[in-house]
Amino acid sequence: MDLIPYFIVLISLTLFLTLARRNVITNNNIQGIVLKKYSLVGMISIIISYLIFTSFSVFRVIEFGLGGNDAHNYKLIFNNANGNVIESLSIQPYEPGYALIIWLSRAISEDYRVALFIIYSIMFIFLINFIKYISWSKYVPISIFLLLTMWLSSFNTLRVILAIFIGTYVYSLLFKKKYNYALLVAIIATTIHTAAIVLFPVIAIVKIIENRAKFRPSKLIFFIIILSGIFLLSINIIEVFISGTSYELYIEYKEGAVALGTYIVIIISFVLSLIKFNDLVEINPYNKILVVILPIGLSLYVLQANFSIVYRMVLFFLPILYVLIPDLIRTFRINRTKELIKLPIKIGLFSYLIYRIYSFWAIEIDSVGVPYIIDF
């Protein structure tokens, strides 16, 4: 019974956002860049989704033990973030961008729901932008549902999820080859949560790869190995750099084992993407950028083995998996009996998506605040 509100909202939003995605209009501008926008039906679906999305996020009881594991701490910081901007930023133990949002919200109103409304409005804008680039298929509802589970996770880990959705806009800008704008958005995301720093090597490697006339997997793999080596050599430097700062606790703090399963899925998805690269790009040109970005997540393994908090950076690659895997499944078409060998691959990829949904409902949902209590 406690999960019913979450189930109803997730299903409702999935349906409306799927309808919105179904009504995306695609055009090419003079430079040949793909432009996507929502039709009238799509915009109506988005408005309804926005009202559900923000209402469910804003009008919830947030007290100790309710509204999300860390939600109460965020609310306490908001309540103390008064005074001028300098005083407020010095009081808040957060990155400057997020702290500034909190100060501005506190200047507008002492009601924390105003801050939540601003934050979740920003999050929604980047969510619907990312959804535009999902290729249309019967798997779209699954991709959207999984993206929405990340939204619900923000009831616990607000800053990093906000930074992740902002980060998805970086991917869109890279697809349009707007590298300077992508860099600016990455900087903004980093001021929301430090984990967004992973976007900078993403931008650098994509720019290098995209400047080549032809996509060469060997070049990409070479840069991933180089990046992994840089991370490996930087471990001791990082420990020295953060010693004596508020981040020192992360040297010893362990959130759990290294997310080996996620890295395995990234490896498998990347290898299959290389095999089916042309088919993926034919289905959706946007997939080329996602294939280039995805393996960069592997380089984080050496850091997470020493600083488990680095898993926050790995989360930036989950939206890519949620969009890329459905298209991978579509590339393994079974037209003849002898092609049944492809069936285990399709089942395996689909099973991961189902597992992520199960994992959220069985494990992660507890951290977002159960039961959900409306606060009007």
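The values are calculated or read from the model by the stated rules, or taken from the named source; none is laboratory data. The structure displayed is predicted, hence computed values, not measured ones. Cβ placement follows ideal geometry from the backbone for every residue including glycine, while neighbour counts extend to all protein chains displayed.
The helices (runs of 4 or more DSSP H) found wholly in segment 194-255 and carrying at least 2 residues that are small (Gly, Ala, Ser) and modelled with pLDDT of 75 or more occupy 217-233. Which pairs have Cβ atoms under 6 Å, sit 6 or more apart or on different chains, and link a residue in segment 101-120 that is without any contact (Cβ under 8 Å) to a residue 40 or more places away in the chain and of a type outside the set (Phe, Trp, Tyr) to one that is assigned to a loop (DSSP other than H, G, I, E, B) and crowded, with 21+ Cβ neighbours inside 10 Å? Final answer for the pair search is Ile102/Ala81; Arg106/Ala81. Restricting attention to segment 89-116, the residues that are part of a helix (DSSP H, G or I) and at pLDDT 85 or above total 18. Of everything in segment 270-294 that is free of Cβ contacts under 8 Å to residues at least 40 places away in the same chain and more than 11 Å from Asp327 (Cα to Cα), the residue that is nearest to the chain's Cα centre (by Cα) is Leu294. Among the candidates Phe126, Phe145, the residue that is in a helix (DSSP H, G or I) and in contact (Cβ under 8 Å) with a residue 60 or more places away in the chain is uniquely Phe145.
Given the residues Ile30, Ile47, Ile86, which is the only one that is outside any strand (DSSP E or B) and at pLDDT 85 or above? Of the residues listed, the single one that is outside any strand (DSSP E or B) and at pLDDT 85 or above is Ile47.
Could you tell me whether any residue of segment 82-92 is under 27 Å from Tyr169 (Cα atoms) and either under 25 Å from the mean Cα position of the chain (by Cα) or in contact (Cβ under 8 Å) with a residue 60 or more places away in the chain (or both)? Looking through segment 82-92, at least one residue is under 27 Å from Tyr169 (Cα atoms) and either under 25 Å from the mean Cα position of the chain (by Cα) or in contact (Cβ under 8 Å) with a residue 60 or more places away in the chain (or both).
Criterion first (of a type in the set (Asp, Glu) and within 21 Å of Ile264 (Cα to Cα)) does Asp327 satisfy it? The answer is yes for Asp327. For segment 1-14, the set of residues classified as more than 20 Å from the chain's Cα centre (by Cα) and either at pLDDT 95 or above or within 16 Å of Ser57 (Cα to Cα) (or both) consists of Leu3, Ile4, Pro5, Phe7, Ile8, Ser12, listed by residue number.
One residue is enough: does segment 43-60 have a residue meeting the conditions touching a strand residue (DSSP E or B) at 6+ places or on another chain (Cβ under 6 Å) and hydroxyl-bearing (Ser, Thr, Tyr)? Taking every residue of segment 43-60 in turn, none turns out to be touching a strand residue (DSSP E or B) at 6+ places or on another chain (Cβ under 6 Å) and hydroxyl-bearing (Ser, Thr, Tyr). Residues considered: Ile325, Ile354. Of these, the only one that is surrounded by fewer than 15 Cβ atoms within 10 Å (Cβ to Cβ), under 22 Å from Leu127 (Cα atoms) and aliphatic (A, V, I, L, M) is Ile354. Leu343 fulfils the conditions (1) on the phi < 0 side of the Ramachandran plot; (2) in contact with a helix residue (DSSP H, G or I) (Cβ under 8 Å, 6 or more places away or on another chain); (3) not β-branched (Val, Ile, Thr) except for a single criterion, (2). Of the candidates Ile119, Ile134, Ile77, Ile128, the single residue that is over 20 Å from Leu10 (Cβ atoms) and either touching a His at 6+ places or on another chain (Cβ under 7 Å) or not polar (S, T, N, Q) (or both) is Ile77. If you go through segment 56-69 and keep only what is part of a loop (DSSP other than H, G, I, E, B) and at pLDDT below 85, you end up with Phe64, Gly65, Gly67, Gly68, Asn69.
Looking only at segment 64-79, which residues are farther than 16 Å from Arg159 by Cα and free of Cβ contacts under 8 Å to residues at least 12 places away in the same chain?
Answer for segment 64-79, where residues must be farther than 16 Å from Arg159 by Cα and free of Cβ contacts under 8 Å to residues at least 12 places away in the same chain: Phe64, Gly65.
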